[in-house]
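No lab work stands behind these numbers, since they all come straight from the coordinates. Please read all numbers here as calculations on a predicted model, not as lab measurements. Quick reminder, even Gly has a Cβ in these numbers, built from the backbone with ideal geometry, and neighbours come from all protein chains shown.
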Amino acid sequence: MSARIENDRFETVGCLQDYRIGEKLGSGSHGSIYHTCCDENEIEDINNCEYVTKEVKFNRYNNIRSFRQEVLLQKKAARHHLAPEIVKTEIKGTGGIFVMKKVYQTLYDHLLQNDDEDMADKIYSALTSLINLKIHHNDFHIRNIMMDKHYNVLLIDFGKSTTIEEGKSNECLNKDFDKLIDTVMSEELSVPKFLKRLIELHRSSFAFKPKNTKSRNKSVKRKSKNTKRKSKSTI
Ligand SMILES: Nc1ncnc2c1ncn2[C@@H]1O[C@H](COP(=O)(O)OP(=O)(O)OP(=O)(O)O)[C@@H](O)[C@H]1O
Ligand SMILES: [Mg+2]
């Protein structure tokens, strides 16, 4: 593997030993995912370790900036248990890699076996938490939503994610939800209960109010002060 960039702001937070990359586990339109070991003791069975590496090749559409953005936003989500933790990042001339915790399965694989309406609620909750962190996922589909063995939702693939501008939270939430419903429907999965619940939640999401109203409260207070001042002066 390539040399690490020293003092890079993607500091190493785990995986201090050299990591080993195993077989390819999957690939998407941006990169490939490989089984990975970080712990020396685990290395005997590389394809059964607790980590995976995502390799992203730089090209016209993916550059170092978008790679950094992907890592930073996933790290932010991971701090709130909404994404797998990233333990190592490297950049080389032709691309970047990051090592993250391996997650049990995708929503797609889960839905192949279960028409699980409770999972719709968990996904809604994860998505609203992400929106409250001002992250717009922007590629919210059934292979980018994963879960651990306890059915906790973990979101992956922040390659198209952006930060949310003031006042756009609802729009972003609804876009992500639309994409999810579209992909569930287009995959012809037999999950009527899950889909029904997802659509109910989508309807309710139109009234979604983002958390963290601090700044809004301040401006409300400021307004009311002004009104008091005004009303005094008119007396
Ligand atoms: N942390 C992980 N643990 C286990 N499997 C993973 C993990 N991250 C990704 N995968 C698997 O690899 C696949 C591709 O990963 P990812 O979506 O990040 O790549 P991508 O190239 O950006 O894909 P896309 O086609 O959605 O743009 C996932 O759908 C999933 O099956
Ligand atoms: Mg993906």
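Taking amide H positions as modeled 1.01 Å from N, with prolines and chain starts lacking one, the residues under 5 Å from residue 22 and 5 or more places away or on another chain are 35, 36, 37. Only Lys, Arg, Asp and Glu carry charge here, each on its Cβ (+1 for the first two, -1 for the last two); on that basis the range 11-101 has a dipole of about 780 debye about its Cα centre. Treating r as the C-beta distance of residue 163 and residue 46 and R0 as 45 Å, the FRET efficiency rounds to 0.80.
Under 11 Å from the Cβ of residue 84, count the other residues' Cβ atoms, weight Lys and Arg +1, Asp and Glu -1, and hand me the total.
Charge balance in the 11 Å sphere: 0.
In terms of surrounding Cβ atoms within a 10 Å radius of their Cβ, 160, 211, 88 rank from fewest to most as 211, 160, 88. Of 146, 185, the sequence from fewest to most neighbouring Cβ atoms within 10 angstrom is 185, 146. In the range 11-101, the convex hull through the Cα atoms has an average projected area of 5.9 nm², a quarter of its surface area. Phi angles across the range 164-175 convert, under the Karplus curve 6.51 cos²θ - 1.76 cosθ + 1.60 with θ = phi - 60°, into 3J(HN,Hα) values of 8, 6, 3, x, 9, 4, 4, 4, 5, 4, 5, 5 Hz, Gly and Pro given as x. Compute the length gained on full extension between residue 60 and residue 132: take 0.36 nm times their separation in residues and subtract their Cα-Cα distance, giving the result in nm to one decimal. Result: 22.8 nm gained on full extension.
What is the gain in length, in nm to one decimal, between residue 105 and residue 193 on full extension, counting 0.36 nm per residue of separation less the C-alpha to C-alpha distance? My answer for the length gained is 29.7 nm.
Once you have a ≥ b ≥ c as the square roots of the Cα gyration tensor eigenvalues for the range 78-207, tell me rounded if a/c is under 1.5, and otherwise prolate or oblate according to whether a/b is larger than b/c.
In terms of gyration-tensor shape, oblate.
When the Cα centres of the range 134-201 and the range 23-75 are compared, how far apart do they sit, in Å? Each part reduced to its Cα centre gives a spacing of 21 Å.
Arrange 133, 112, 127 by Cβ neighbour counts within 10 Å, fewest through most, would you?
Working: 133 17, 112 13, 127 25.
In order of increasing Cβ crowding within 10 Å: 112, 133, 127.
For an R0 of 25 angstrom, estimate the FRET efficiency from the Cβ-Cβ distance between residue 24 and residue 115 and round to the nearest 0.05.
On the way: r = 31 Å, r/R0 = 1.23.
Once rounded, the FRET efficiency stands at 0.20.
Applying the Karplus relation 6.51 cos²θ - 1.76 cosθ + 1.60 with θ = phi - 60° to the range 99-107 yields 3J(HN,Hα) values of 9, 9, 4, 6, 10, 4, 7, 7, 4 Hz, where x marks Gly and Pro.
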